[in-house]
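Participant: One structure, as structure tokens, below. Some questions next.
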Amino acid sequence: MTSCVRPGCAGHIMGTGYCDTCGRRQPDPRTGPPPPPDTAAEDSSGPPPVHVVAGVGELDQHGLVVLPDVPAPVPEDVLIEDPRPPKEGRRCGADGCDMIVGVGYGGQPARLTGRCHRCGTPYSFLPQLRPGDVVAGHYRVLGCLAHGGLGWIHLAEDTRADGHRVVLKGLINANDALARRNAVEERRSLTDLHHPDIVRIITYAEHQAPGRPPTGYLVMDYIGGPSLGQLFGAEDVERIFHGRPRLDHVLSYGCKILGALEYLHDRGLLYCDMKPVNVIHFGRAVKIIDLGAVRAIGDRTSTPVYTETHAPPKEEIHSRGWHVDSDLYTVGMTLSSLAHGTERARGLAPESFRRLIARATHPEPRARFRSAAEMSRQLWEVLREFRSLQFGEQLPEASTRFRAGEASLDAGLGAIPALAHWTRRVPGSPAALDVCPPPAAEVAGALPEPRPDPDDGAALLLGTYPPDAPDRVAVQWRRESRFGTPETALWLCRAYLRLGEQDKAERWLAEAQTQLGERAAVHDWRIAWHRGVLHLSKGEVKERAGGCFDAVYRALPGEYVPKLALGYCTEHDSDRKPSMRFYEAVWRRDFAHTAAAFGLARGHLAGHDRDAAVRVLDDVPATSRHHDAARIAAVRIRAGILDGRPPSVTDLRDAVRRLHELRLDDGESRARLVAEIRENALRSRPETGWGPEFLGGDLLGDGTEDRLRTLLEHSFRQLADQARTAQDHGRLLDLAHAVRPMSTI
């Protein structure tokens with residue numbers, strides 16, 4: 001397995017290209033540090049799809065949807081014949097002035113030229129370049145393509161390259177001399193950018209028209225194709241996508257956009273103006289265009305260029321500037337706008353997508369995603385959730401935030417009945433099938449644990465200590481500063497919870513909050529997770545634990561573990577539909593999560609649907625360590641008494657078949673399971689019998705009452721031989737005598 005090349009990360013690269021620890025994508029050798037030789041990326045012409053579901057689209061090697069092929073239009077057909085300014089105007093921009101100019105008043109159209117009402121600087125919405133103008137000696141202007149935030153965008157041909165089409169993008173207002181001087185070197189650095197999803201910047205050029213100050217232009221490749229805004233609003237969009245666009249299309253666009261923004265962020269740059277019109281779909285690929293608003297991370301002097309409908313609130317930008325999370329906010333708004341009008345999605349996926357957008361666009365910056373890689377990982381996970389629920393695809397993948405869980409949480413449904421099943425109840429009343437969820441304390445100890453934060457200095461040290469000896473680590477906390485980290489406090493919280501010392505666990509959770517800082521801890525999902533587990537250990541399930549796990553779901557909308565926890569918490573509601581949605585989202589994605597399978601089965605049984613419960617358990621793979629438990633549970637469900645309803649003849653016949661296929665380790669286990677089936681069969685037998693079509697074989701006999709009673713008496717005598725106490729032995733013999741056939745003289 002290939003190690004992650006990110007500094008400080010000890011994780012490994014999974015088959016999807018993402019690290020199993022830091023969650024970041026393996027750098028592309030064309031755009032970042034080269035990977036080890038055995039993981040070299042494939043040719044840039046595009047990898048062949050590796051997963052196909054007939055009729056619903058292919059997935060590429062990164063798990064993204066292969067996009068539809070969109071032909072490029074003829075360049076001259078996209079030119080604007082009568083260039084008009086945007087209705088919303090634009091910022092003045094002169095020496096930092098943020099007054100909006102070019103807006104009509106009193107029903108009058110906006111003037112194409114004029115002066116700023118605040119600073120008096122002249123402005124013009126007339127195209128800076130006209131057809132036939134030549135920029136930098138060899139870029140001949142063909143016309144206007146669109147109006148950007150800083151002026152007109154022009155199509156030109158390179159007379160030195162056989163008419164190669166290029167785009168000229170004005171960088172800054174020609175009247176803002178200070179901004180122009182500060183931006184020249186920064187803009188020239190954009191020519192060093194090379195990313196497959198970002199338009200290529202050929203050069204930076206200045207052009208001075210007669211009587212005007214010089215204007216800087218980025219010279220970019222012309223990308224022939226519609227923007228995402230045009231594509232999703234086109235009349236023939238259903239023809240292009242072979243139906244309405246789906247949520248997985250939107251999520252795939254988002255992952256590509258975030259990959260490009262991560263590339264910019266890693267180089268100290270912010271994009272600032274992400275919106276659907278700035279992403280071009282050409283062929284089966286996308287390109288982010290219009291880099292005129294790109295600025296350096298930490299730049300607080302120049303005025304940021306952005307689109308208000310897709311940007312954080314103006315007050316926030318003025319108070320704190322533009323940050324990485326501001327860029328991610330614009331991505332969230334972009335994806336939200338694209339998702340309108342998509343095909344209706346099934347199950348929990350739309351809610352997971354809504355929560356992802358809500359986190360990206362949260363009013364509190366601290367609650368947003370911290371990096372493009374983090375947001376991209378969650379986006380990718382929601383895509384997999386959508387595909388599994390929509391098309392039934394199994395898309396197993398290890399979580400990057402939680403360790404793998406091993407508990408089935410079957411609440412005893414998949415276990416062979418103990419002798420107490422008979423000895424601790426009133427004789428003559430067969431026990432009903434127990435469909436209650438497992439105890440909260442059991443769930444608290446069985447839920448998967450969070451993976452340690454690789455950036456925490458104590459994470460590696462903690463791995464050398466046994467998890468059942470927290471006192472040793474607590475002593476080191478006071479002695480060594482290396483242990484004084486949030487990860488150590490959370491480790492101690494979990495360790496004391498395992499020992500049942502809830503007071504100590506709570507104190508260490510409070511210490512973790514102190515280490516993080518009060519304001520940061522409010523939005524740290526790890527605090528909410530540990531708080532939820534602590535509430536579970538105390539039996540505080542619905543409101544308190546459920547509320548904490550819901551906060552984790554808001555922070556990590558693509559992860560399966562919070563949904564597993566929420567599935568359990570909502571099992572305690574009178575309406576189990578929410579619980580079923582959570583369990584289904586986990587189970588449909590990966591049949592290895594048998595805790596979700598048993599949760600789903602319990603939900604179906606609560607609705608008196610034996611068939612659906614058995615179908616879920618039949619999907620537990622033979623490679624699962626809980627496969628036998630699922631098969632035992634299926635037998636018990638078929639033969640069990642469900643909410644006062646005895647099994648039908650069909651159920652019993654299936655139970656007999658399944659029991660014969662079970663290979664139990666010992667005769668005692670088989671005897672108990674047979675006894676349960678025979679007892680329930682006697683309860684379900686109608687007075688007229690089952691008829692000649694009933695095939696009970698050695699297990700249930702010919703269906704007559706006397707024969708069934710004789711067999712059940714024999715089963716109870718076998719159980720009496722298993723008893724460990726005289727009291728249990730006597731109770732089981734009493735049951736045998738109570739069911740024996742009535743003898744006549």
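The values are calculated or read from the model by the stated rules, or taken from the named source; none is laboratory data. Treat the numbers as computed from the prediction; the structure is a model and nothing was measured. For neighbour counting, all protein chains shown are included, and Cβ atoms are generated from backbone atoms with ideal geometry for every residue, glycine included. Surface accessibility is based on the protein's heavy atoms, side chains included, excluding ligands, DNA and RNA. Shrake-Rupley method; radii C 1.70, N 1.55, O 1.52, S 1.80 Å.
Participant: Obtain the nm distance between the two label points defined at Arg479 and Ala407 by a simple spin-label model: each point lies 7 Å from its Cα along the Cα-to-C-beta direction.
Facilitator: Each label point lies 7 Å from its Cα, and together they span 3.3 nm.
Participant: Percent relative contact order of the chain, based on C-alpha pairs within less than 8 angstrom and at least six residues apart?
Facilitator: Relative CO of the chain lands at 9 percent.
Participant: With every protein chain left in place and a probe of 1.4 Å, what is the accessible surface of Cys569, to the nearest 10 Å²?
Facilitator: 10 Å²
Participant: With every protein chain kept in the model, how would you rank Arg707, Arg526, Arg663 by accessible area, 1.4 Å probe, largest at the top? Don't skip to the end; give the middle numbers.
Facilitator: Numbers: Arg707 105, Arg526 30, Arg663 215 Å².
My answer, sorted largest first, is Arg663, Arg707, Arg526.
Participant: Another one. With the contact rule set at Cα under 8 Å and sequence spacing of 6 or more, what percent relative contact order holds for the stretch 308-365?
Facilitator: Taking the mean separation of contacting Cα pairs over the length of the stretch 308-365, I get 45 percent.
Participant: Sticking with this structure for a sec: Multiply the residue gap between Asp643 and Cys436 by 0.36 nm, knock off their C-alpha separation, and tell me the result in nm, one decimal place.
Facilitator: Details: separation 207, 0.36 × 207 = 74.52 nm, distance 1.15 nm.
Between Asp643 and Cys436, full extension yields 73.4 nm more.
Participant: Also: For the stretch 524-570, what relative contact order do you get, as a whole percent, if you take Cα pairs closer than 8 Å and at least 6 residues apart?
Facilitator: Answer for the stretch 524-570 is 37 percent.
Participant: What number comes out for accessible area per residue over the chain if the probe is 1.4 Å? Units Å², please.
Facilitator: Ligands and nucleic acids excluded, the result is 45 Å² per residue.
Participant: Continuing with the same structure: Under a plain spin-label model, where a point goes 7 Å from the Cα along Cα-to-Cβ, how far apart in nm are Arg625 and His608?
Facilitator: Result: 3.8 nm between the two label points.
Participant: Here's another thing I want to ask about it. Give the carbon-plus-sulfur fraction of the accessible surface of the chain in %, rounded to a whole number; probe 1.4 Å, heavy atoms of protein chains only. Could the numbers behind the result be given before it?
Facilitator: On the way: 16780 of 33630 Å².
In the chain, the share of accessible area belonging to carbon and sulfur is 50 percent.
Participant: Quick one: order Thr159, Thr514, Thr488, Thr191 from most to least accessible surface, probe 1.4 Å.
Facilitator: I get Thr514, Thr159, Thr191, Thr488, largest accessible area first.
Participant: Please give the FRET efficiency for Asp455 paired with Ala296, using the beta carbon to beta carbon distance and R0 = 30 Å, rounded to the nearest 0.05. Could you put the intermediate results ahead of the total?
Facilitator: Values: r = 24 Å, r/R0 = 0.80.
The calculated FRET efficiency here is 0.80.
Participant: Follow-up question, since we're still on this one. Starting at the first residue of the stretch 304-316, write each ³J(HN,Hα) from the Karplus equation 6.51 cos²θ - 1.76 cosθ + 1.60 with θ = phi - 60°, in whole Hz, x for Gly and Pro.
Facilitator: x, 9, 7, 9, 4, 5, 10, 9, x, x, 4, 4, 5
Participant: Would you kindly give the portion of the calculated P(r) for the chain that falls above 36 Å, as a percent of all Cα pairs?
Facilitator: 55 percent
Participant: Fully extended, how many nm does the chain gain between Leu126 and Thr725 (0.36 nm per residue separation, minus their Cα-Cα distance)?
Facilitator: Fully extending the segment from Leu126 to Thr725 adds 205.8 nm.
Participant: What fraction, in whole percent, of alpha-carbon pairs in the stretch 288-442 exceed 20 Å separation? Don't skip to the answer; put the middle values down first.
Facilitator: Numbers: 7968 of 11935 pairs.
Cα-Cα pairs of the stretch 288-442 separated by over 20 Å account for 67 percent.
Participant: From the protein chains alone at 1.4 Å, what is the descending order of accessible area for Lys577, Lys256, Lys563, largest first?
Facilitator: Lys577, Lys256, Lys563
Participant: What number, rounded to the nearest 500 deg cm²/dmol, is the helix-based mean residue ellipticity at 222 nm of the chain, given -39500 (n - 2.57) per DSSP H run of at least four residues and division by all its residues?
Facilitator: Taken over the chain, the calculation gives -12000 deg cm²/dmol.
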